[in-house]
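Here's the structure we're looking at; comments come further down.
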């Protein structure tokens, strides 16, 4: 018998739109307008990752996009970033649906690893737990960006996370190389371990039109995928609204 799973939600990461806008001082492309187009085309939410250097999402973009998302009933706003680099303050100002905590360094070009909860100790662990409590007190769902390691899931639950976001760049690389089976098995096991702890499961990084379907077919249920780089690149070819519909169709089919 075919198993039926809840539909995976699609959150569109608009960082790369902001990157293009920031190369000029004329506000083109219009980040708010394009975010609204994505939501109108069926995206379940918008993701932003404001970094301290404001290389893409700027501080004033965060409340502006919160207002856009608020115009679409049921849409979710996901603000992600390092909790010790200003993320909490952004969340206090905008009260997003979800805060995704990412351990990226200030100089990192993009997120390149998840929290190694097995090695965090002392003051750092206390600070992370305290941040999670602050965010949950604001009404934010808290997701931890994490590598697909089974043993980390009880630790994520213990420090108060609501969800984990599986870091999928290794899956994307394995898919491109044609050697995906062992890698995707690790993601399936990690997702199952998270669900056994009562954690929701998100996924993101280097997911695209080719590899998203096979991922969702084998790793389930996945509550949400956050996709930016590939989706915005595809939008140059297909148009933003049509691209969102393609990704949402994959999510609805679950692979």
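Okay, here's what the table says:
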{"read-out": "Gained length - residue 188 relative to residue 118, 0.36 nm times residue gap less alpha-carbon distance", "value": "23.2 nm"}
{"read-out": "Order of 232, 57 - criterion: other Cβ atoms within 10 Å of each residue's Cβ, fewest first", "value": "232, 57"}
{"read-out": "Whole-number percent relative contact order across the chain, with pairs defined as alpha carbons under 8 Å at least 6 apart", "value": "22"}
{"read-out": "Contour excess over end-to-end distance, with Cα ends at residue 177 and residue 67 and 0.36 nm allotted per residue", "value": "35.5 nm"}
{"read-out": "Estimated inter-spin distance, residue 151 and residue 253, nm [label 7 Å along Cα→Cβ]", "value": "3.9"}
{"read-out": "Likely footprinting exposure, 97, 168, 131, fewest C-beta neighbours within 10 Å first", "value": "97, 131, 168"}
{"read-out": "Estimated FRET transfer efficiency (residue 93, residue 236; beta-carbon r; R0 45 Å; 0.05)", "value": "0.90"}
{"read-out": "Cβ-derived FRET efficiency at R0 25 Å, residue 53 paired with residue 127, nearest 0.05", "value": "0.70"}
{"read-out": "Once the Cα gyration tensor of the chain is diagonalised, semi-axes √(5λ) in Å", "value": "25, 24, 17"}
{"read-out": "FRET efficiency estimate (nearest 0.05) - Cβ-Cβ, residue 136 to residue 32, R0 30 angstrom", "value": "0.60"}
{"read-out": "Of all DSSP beta bridges in the chain, antiparallel share, percent nearest 5", "value": "0"}
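Coordinate-derived values only; no laboratory data. Everything numeric here is computed off the predicted structure, so don't read it as measured data. FYI the Cβ positions are ideal-geometry reconstructions off the backbone, even for glycines, and counts take in every protein chain you see.
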